[in-house]
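> Take this structure, written in structure tokens, and hold onto it; I'll ask about it next.
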Amino acid sequence: MNYRADIDGLRALAVAPVVLYHAGVVGFGGGFVGVDIFFVISGYLITTIIMAELAEGSFSILRFYERRARRILPAFFAVVAASLAAGWFILVPGDYDNMGQSIISALLFVSNMWFWQNSGDYFGGATDYLPMLHTWSLAVEEQFYIFFPLLLMALHRYARRLLLPAIGLLVLGSLVLAIHATPRMPSASFYLLPTRIWELGIGSLLALGLPRIEAPRALREAAGLLGLISVLAPVFLYNSQMQFPGVAALPPVLGAALLIWAGTAGPVWASRLLSLRPMVWIGLISYSLYLWHWPIMAFVRNRLFSVELDPAWQVVTVLASVLAGWISWRIVERPFRVPSRQGGMTQRRIFAMSGAGMAALGALAVAVILTGGMATQRFSDAQLAALETIVGPSEERQECSGVRPISRLCTFGSADPETAPRWLMLGDSHAASMLPAMIDLSESRGRRLVFANKGGCPPLPQVHRSDMPPSENARCEVFRQAALDMALSDDRFETVFLVARWPLYGEGRQVRSEGHTSFRLIDTAGNAPGASNTAVLEASLERLARQLIDRGKTVVIVQSVPELPWNAVDRIESEILFGVPFLDDRETLARVQARQAATNAALAAVGVQPSVTVIPLAEVLCTPDCPVRVGLNSYYRDNNHITALGAKLLVPFLDRAVPGGLTASENP
């Protein structure tokens with residue numbers, strides 16, 4: 001096919017928003033749609049080339065994969081090798097091991113499946129620390145290219161008249177699946193091929209239909225303008241809370257298709273804009289730029305212990321990515337893309353080098369995995385022994401966290417399970433973190449503690465999170481209701497403790513070190529339609545407290561522990577392993593209270609009811625600085641969950657604050 005500068009310009013329009021979005025530059029909240037534009041371009045170009053060769057009778061599946069190898073593998077191998085080297089100096093053993101696993105999946109072009117299973121939500125802040133995360137899109141493309149050329153070959157040979165309808169049906173089916181699955185299984189829909197086929201397929205349909213399309217210049221000009229708007233508007237209007245890639249993916253995908261179509265029969269205004277030399281230059285290096293930008297940013301975030309980059313670091317990482325992309329394009333990509341007939345490497349040599357590269361890098365990644373992140377190879381026995389002193393989650397938390405049938409909930413405390421008064425501790429992962437303290441307290445009070453928790457699921461009946469799929473919200477509701485029904489139906493339950501990361505739900509957003517995730521609380525009872533998060537939280541807690549009080553129960557609402565703007569354990573580990581000074585820029589009570597003010601006010605409003613006690617924690621822990629560690633032992637296991645050691649700090653205060661202590665006659 002003839003070279004089109006405007007398509008390289010469209011690549012620039014795809015990669016630039018992705019890079020700026022990943023750097024956290026304000027205003028590019030929807031920059032992730034650039035990947036969808038890449039999919040359309042890829043589908044169009046590959047189909048155009050395959051169909052031209054099929055028409056000439058010269059198509060070869062081996063030559064097809066040779067071109068793919070020349071195009072993607074050299075720069076990809078360079079990035080993987082550089083990431084393994086950088087990880088040696090930057091990543092702690094667990095993270096290095098994790099990267100080794102992701103590299104194996106990337107070399108096998110199944111990293112989209114690996115990240116779907118192991119990293120959770122793409123838009124969650126934790127994924128910003130994973131150097132190989134961006135390879136998910138390469139995996140989607142390569143999986144598409146396993147079956148799609150064979151499908152085109154078969155249809156061209158045996159059912160040529162059905163070629164366009166068959167591809168159209170495939171595209172339609174994938175789009176319907178994406179629309180259906182995105183709100184229900186957002187992570188799977190984002191990462192996996194079946195819900196992405198339609199984006200590559202739109203480009204393919206464009207290639208298949210173009211020879212029969214003629215249009216006047218005015219229509220093509222309008223199509224180009226509409227395409228430009230459809231591509232750019234989502235970059236500035238979307239954010240990470242969009243349900244994607246469902247209906248929201250249609251504007252950038254169709255916009256990219258319109259831009260390609262508009263410039264096919266000759267230049268229009270939009271295609272001339274895309275053909276400007278700066279646009280073409282960025283488009284030429286777009287693949288290498290995409291490959292290098294994410295590891296650069298991920299490693300910087302690992303060293304800075306923060307998802308959000310300050311403006312200075314945004315500039316540094318973007319410029320470093322462009323420079324790395326240009327160098328990679330010049331000295332890695334270009335030499336390998338020269339065909340053998342022009343003096344380049346032969347097909348045999350390309351396949352041999354591809355196999356050798358995969359084997360060598362795979363062997364290194366396997367070595368990283370088998371050695372637990374090269375722990376003993378990189379660090380001394382004294383350093384590794386020091387790591388063991390960092391206090392992590394309690395055994396009880398690890399064994400009892402998560403949804404369990406009511407008949408199998410963990411119980412602690414009094415040795416007499418039949419006659420002892422009972423406490424119910426209900427909450428999210430913060431309840432699990434506080435469990436060691438509550439176990440000590442229940443034992444000293446002669447109570448039987450029943451523990452029910454589910455991570456990310458606050459004890460707020462008839463409340464859904466907008467960032468969770470309906471199925472997950474439904475599971476939360478079933479879990480909460482079953483636990484409450486148990487407490488309400490059993491007279492032995494005297495007190496219900498509600499423990500959660502309240503500021504997360506009240507504010508609807510994470511702290512700075514975690515990323516950009518935000519969400520709304522939705523009152524499914526219909527009592528507070530469109531209300532703020534804190535209003536929904538207060539209304540739900542008030543209904544819950546009233547229900548429990550009416551059955552003679554006492555309600556104890558435990559406020560959250562202070563959230564930190566950075567991960568405490570990460571800093572301690574880096575101090576031990578890499579000599580990075582522990583930046584003890586402690587969180588202060590004033591900042592904690594400022595973040596939690598609206599949420600704490602909502603909790604206090606519920607606390608005015610009789611038989612309801614609200615227990616503040618920040619005021620006790622922060623005097624006025626919030627403690628993080630003692631020696632190398634951390635009170636936190638991340639930036640908001642306390643360790644078993646941190647929980648022990650709370651026992652004396654909880655003992656004074658929790659109502660219903662032993663009477664004189666009950667004392668042994």
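The values are calculated or read from the model by the stated rules, or taken from the named source; none is laboratory data. Just so it is clear, the model here is predicted, and its values are computed rather than measured. A quick note on method: Cβ atoms are made from the backbone with ideal geometry, for glycine too, and the neighbour counts reach across all protein chains shown.
> Please determine whether any residue of the range 450-462 is among the small types (Gly, Ala, Ser) and farther than 23 Å from Ala647 by Cα.
no
> Next question. Of the conditions (1) farther than 23 Å from Pro17 by Cβ; (2) free of Cβ contacts under 8 Å to residues at least 60 places away in the same chain, Ser204 satisfies every one except a single condition; which number is it?
Just one mismatch for Ser204, condition (2).
> Among what's in the range 333-349 and is part of a loop (DSSP other than H, G, I, E, B) and among the hydrophobic types (A, V, I, L, M, F, W, C), pick the residue that is nearest to the chain's Cα centre (by Cα).
Taking the range 333-349 first, the residues part of a loop (DSSP other than H, G, I, E, B) are 338-339, 343-346.
Retained after the next criterion (residues that are among the hydrophobic types (A, V, I, L, M, F, W, C)): 338, 345.
Details: Val338: 38, Met345: 40 Å.
The extreme case among them is Val338.
> Please verify whether Arg330 is closer than 30 Å to Phe578 by Cα, under 33 Å from the mean Cα position of the chain (by Cα) and among the basic types (Lys, Arg), treating the condition exactly as stated.
No.
> Examine the range 283-294 for a residue that is in the same structural domain as Tyr129 (by TED's automatic domain parsing) and more than 15 Å from Val15 (Cβ to Cβ), and state whether such a residue exists. Spell out how you get there, then give the answer.
Taking the range 283-294 as the starting set, the residues that turn out to be in the same structural domain as Tyr129 (by TED's automatic domain parsing) are 283-294.
Remaining after also requiring more than 15 Å from Val15 (Cβ to Cβ): none.
No: zero hits.
> Oh, and also: Looking only at residues that are in contact with a strand residue (DSSP E or B) (Cβ under 8 Å, 6 or more places away or on another chain) and part of a helix (DSSP H, G or I) in the range 585-626, which one is surrounded by the most Cβ atoms within 10 Å (Cβ to Cβ)?
Leu603
> So for the range 329-343 (the condition being at pLDDT 95 or above and under 27 Å from Asp95 (Cα atoms)), does at least one residue qualify?
no
> Separate question: Please go through the range 69-122 and give me each residue that is without any contact (Cβ under 8 Å) to a residue 12 or more places away in the chain and either outside any helix (DSSP H, G or I) or within 24 Å of Leu289 (Cβ to Cβ) (or both), ordered by number.
We begin by selecting, within the range 69-122, every residue without any contact (Cβ under 8 Å) to a residue 12 or more places away in the chain; these are 85, 108, 117.
Matches in the range 69-122: Ala85, Leu108.
> Just give me the residues in the range 142-182 being of a type outside the set (Ser, Thr, Tyr), surrounded by fewer than 15 Cβ atoms within 10 Å (Cβ to Cβ) and more than 30 Å from Leu73 (Cβ to Cβ), in sequence order.
Once the filter is applied, which keeps residues that are of a type outside the set (Ser, Thr, Tyr), surrounded by fewer than 15 Cβ atoms within 10 Å (Cβ to Cβ) and more than 30 Å from Leu73 (Cβ to Cβ), the range 142-182 yields Ala159, Arg160, Arg161, Leu162, Pro165, Leu169, Leu172, Gly173, Val176, His180.
> Out of the range 282-312, which residues are free of Cβ contacts under 8 Å to residues at least 40 places away in the same chain and either outside any loop (DSSP other than H, G, I, E, B) or crowded, with 18+ Cβ neighbours inside 10 Å (or both)?
Ile296, Val300, Leu304, Pro311, Ala312
> Considering each of Glu214, Glu221 in turn, give the residue that is in the same structural domain as Thr47 (by TED's automatic domain parsing) and not in a helix (DSSP H, G or I).
Working: Glu221 fails: not in a helix (DSSP H, G or I).
Selected residue: Glu214, the only one of Glu214, Glu221 that is in the same structural domain as Thr47 (by TED's automatic domain parsing) and not in a helix (DSSP H, G or I).
> Further question: Could you tell me which numbered condition Ser240 fails, if it satisfies all but one of (1) within 26 Å of the chain's Cα centre (by Cα); (2) assigned to a loop (DSSP other than H, G, I, E, B); (3) over 28 Å from Asn473 (Cα atoms)?
If we test Ser240 against (1) within 26 Å of the chain's Cα centre (by Cα); (2) assigned to a loop (DSSP other than H, G, I, E, B); (3) over 28 Å from Asn473 (Cα atoms), just (3) comes out false.
> Now a separate question. Can we say Ile331 is touching a residue at least 12 places away in the same chain (Cβ under 8 Å) and either within 30 Å of His641 (Cβ to Cβ) or not small (Gly, Ala, Ser) (or both)? If you could, list the steps in order and put the result at the bottom.
Values: touching a residue at least 12 places away in the same chain (Cβ under 8 Å): no; either within 30 Å of His641 (Cβ to Cβ) or not small (Gly, Ala, Ser) (or both): yes.
For Ile331, the condition - touching a residue at least 12 places away in the same chain (Cβ under 8 Å) and either within 30 Å of His641 (Cβ to Cβ) or not small (Gly, Ala, Ser) (or both) - is not met.
> Just the residues that are part of a strand (DSSP E or B) and either hydrophobic (A, V, I, L, M, F, W, C) or free of Cβ contacts under 8 Å to residues at least 60 places away in the same chain (or both), please, taken from the range 413-444. Can you show your working first?
From the range 413-444, those part of a strand (DSSP E or B) are 413, 422-427; that's our starting set.
Gly413, Trp423, Leu424, Met425, Leu426 - these are the residues of the range 413-444 that are part of a strand (DSSP E or B) and either hydrophobic (A, V, I, L, M, F, W, C) or free of Cβ contacts under 8 Å to residues at least 60 places away in the same chain (or both).
> Within the range 1-33, how many residues turn out to be within 17 Å of the chain's Cα centre (by Cα) and either closer than 16 Å to Tyr287 by Cβ or among the β-branched types (Val, Ile, Thr) (or both)?
So the answer is 4.
> For a quick check of your reading of the model, give me the residue pairs whose first member lies in the range 445-470 and is in the same structural domain as Ala500 (by TED's automatic domain parsing) and at positive phi, whose second is among the β-branched types (Val, Ile, Thr) and surrounded by fewer than 21 Cβ atoms within 10 Å (Cβ to Cβ), with beta-carbon atoms closer than 8 Å and at least 6 apart or on different chains.
Gln462/Thr524
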